[in-house]
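Student: Got a structure for you, questions after.
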């Protein structure tokens, strides 16, 4: 419904209520309704799921139409990302947010900073989703509020052309609300626990849930050692639990991202129960590192499996975990991905140890032989040393091509000495083009950085602390922060406006009319930034 239609609807309603509602302004009602487009988290989940489905179809038609997101740990951070995206690019199309379980654990737990091991309060995950969307909806209200003020000016001046332009801008306003891909870790328990948490996350607005195939109680960060996977049936039960949660809540096109950590996980806690030779469980067990048993007297509470007519003992560690054969990670990843897509997942996530296009593409090619439209979400992780990795890739490629690399020491390629060299420049070009080329070659639909604002917050704080507490004093803040905000048009330089002061003033005027005591008068110091 358009803005003017809302006014007409509100006028009919207030007239029908008689003189008791004479103090209710139809335009004010229409404005508040327009500023609050989404009533519930489920409204958001339906809206954003449809966006992701359209984007997935667009990517299938053209791999250049990949999508991107950045991880965030606070509503304000997510809000500022979207405001900046709209400022610089004019649209939020194909830009999402990522909710990182790592950052929730490190920054949002009441226990204080925690490692990425699912020890934080699981309720903090849906709470952050709700917080993010609260801030994004406030960004809508703030932006629309400015359009309404400009409309008042145009109407007071009798400028019909400007009035119509602004009404069109209000009706065509693009919301800051975008899809959030939300990390549910390994489900924080069994399939029932996964379902309960998934439901809370969807009710908060999540349209996409990312779940991994590690065991819940031994869960590790994807870029650390000691990862333990579960048999496929255990993982598929949790995928189904997520789907049931979506369907129960009426989100028929919710997205499930199935993540495999098998590339770096050499352990399993369980031996899968196989019903018949060649089934999924049997194929999982086939990767176990085993030794043949010829002496039954050597058994001490061991588990045995049959393999090619022989009794085999899976190797078990002192931790009571079983280990997979060395070098089987790629094959396990491929099997994981195919099984997930054939059993309800929509997108894949393969956690790798380095950003290498051909490594990813090699697995995706095999997956697409079975599931042709397989698509990945890929973690452009800060755990990778991107500079060193790509300089080494260039060094190795040059060496294989017979080019002279005598001027470079492969062991110290991270050195700033190489920043402006041909090798350093080519490596940076590869990093610049990584997302585009990986999407075309390796089936990556969505690129994300899990922890960017964790690092940017630390970096900018270090810079401010060095300057402000050093010789620069107050100039350290003014020159490094405020002056840059003003000159770059950063919205929150007017922090009172960003926090909702002007929205509050509008409401005061709606509620109290001329008697409203408003904060945005001539003595508001934020007026210093009006220019």
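Student: With both partners inside the chain, how many of the DSSP beta bridges are antiparallel, as a percent to the nearest 5?
Tutor: If I count the DSSP bridges inside the chain, around 25 percent turn out antiparallel.
Student: May I ask you to work out the translational diffusion coefficient for the range 470-512 at 25 °C, viscosity 0.890 mPa s, via Stokes-Einstein with Rh from the Kirkwood sum over Cα pairs, reported in whole µm²/s? Can you show the working numbers first?
Tutor: Working: Rh = 12.2 Å.
The calculation lands on 201 µm²/s.
Student: Assuming R0 = 25 Å, what is the FRET efficiency of residue 432 and residue 486, from their Cβ-Cβ distance, to the nearest 0.05?
Tutor: On the way: r = 30 Å, r/R0 = 1.18.
Efficiency, from the Cβ-Cβ distance: 0.25.
Student: Also, quick follow-up: Mean projection of the alpha-carbon convex hull of the range 298-420 over all orientations, in nm²?
Tutor: 13.4 nm²
Student: Within a 10 angstrom radius of the beta carbon, how do 446, 232 rank from fewest other beta carbons to most?
Tutor: Ranking 446, 232 by Cβ neighbours within 10 Å, fewest first, gives 232, 446.
Student: Calculate the FRET efficiency for residue 311 and residue 383 from the Cβ-Cβ distance with a Förster distance of 41 Å, rounded to the nearest 0.05.
Tutor: That gives a FRET efficiency of 0.50.
Student: What ranking do 367, 305, 181 get, fewest neighbouring Cβ atoms within 10 angstrom at the top?
Tutor: Taking fewest neighbouring Cβ atoms as first place, the list is 305, 367, 181.
Student: Can you give the percent of C-alpha pairs in the chain whose distance is more than 42 Å?
Tutor: Roughly 32 percent, once rounded to a whole number.
Student: With the cut-off at 1.5 for a/c, could you classify the range 1-151 from its C-alpha gyration tensor as rounded, prolate or oblate? All intermediate terms of the calculation are to be shown ahead of the outcome.
Tutor: Working: a/c = 2.48, a/b = 1.64, b/c = 1.51.
Prolate, since a/c reaches 1.5 and a/b exceeds b/c.
Student: Let me ask something additional. Need the full-extension length gain, residue 162 to residue 421, defined as separation in residues times 0.36 nm minus the C-alpha distance. One decimal, nm. Present the calculation step by step, with values, prior to reporting the outcome.
Tutor: Working: separation 259, 0.36 × 259 = 93.24 nm, distance 5.35 nm.
Stretched fully, the residue 162-residue 421 segment lengthens by 87.9 nm.
Student: Translational D (Stokes-Einstein, µm²/s) of the range 390-454 at 10 °C and 1.306 mPa s when Rh comes from the Kirkwood sum over C-alpha pairs?
Tutor: D = 118 µm²/s.
Student: For the range 276-332, count the residues as N, evaluate 2.2 N^0.38 Å, and divide the Cα radius of gyration by that value, please.
Tutor: Against the empirical 2.2 N^0.38 Å value, I get 1.17 for the range 276-332.
Student: What's the angle, to the nearest 10 degrees (0 to 90), between helix 3-17's Cα axis and the longest principal axis of the chain?
Tutor: Approximately 60 degrees, to the nearest ten.
Student: Can you give the FRET efficiency for residue 276 and residue 109, using 1/(1 + (r/R0)^6), R0 = 51 Å, r = Cβ-Cβ distance, to the nearest 0.05?
Tutor: So the FRET efficiency works out to roughly 0.70.
Student: Ranked by Cβ crowding within 10 angstrom, fewest neighbours first, how are 161, 211, 83, 490 ordered?
Tutor: Working: 161 8, 211 25, 83 21, 490 17.
Taking fewest neighbouring Cβ atoms as first place, the list is 161, 490, 83, 211.
Student: Still on this structure, I have one more. For every helix of n ≥ 4 consecutive DSSP H residues, a contribution of -39,500 (n - 2.57) applies; sum these over the chain, divide by its total residues, and give [θ] at 222 nm rounded to the nearest 500 deg cm²/dmol.
Tutor: Calculated mean residue ellipticity at 222 nm is -15000 deg cm²/dmol.
Student: Please compute the length gained on full extension between residue 299 and residue 65, using 0.36 nm multiplied by the number of residues separating them and subtracting their Cα-Cα distance.
Tutor: Computed gain between residue 299 and residue 65 is 78.5 nm.
Student: Still on this structure: When only C-alpha pairs under 8 Å and at least 6 residues apart count, what is the relative contact order of the range 269-424, in percent?
Tutor: 15 percent
Quick note: the coordinates plus some simple rules give every number you see, no bench work behind them. Keep in mind the model is a prediction, meaning the values are calculated, not measured. Heads up, the Cβs are rebuilt from the backbone with ideal geometry, glycines too, and the neighbour counts pull from every protein chain shown.
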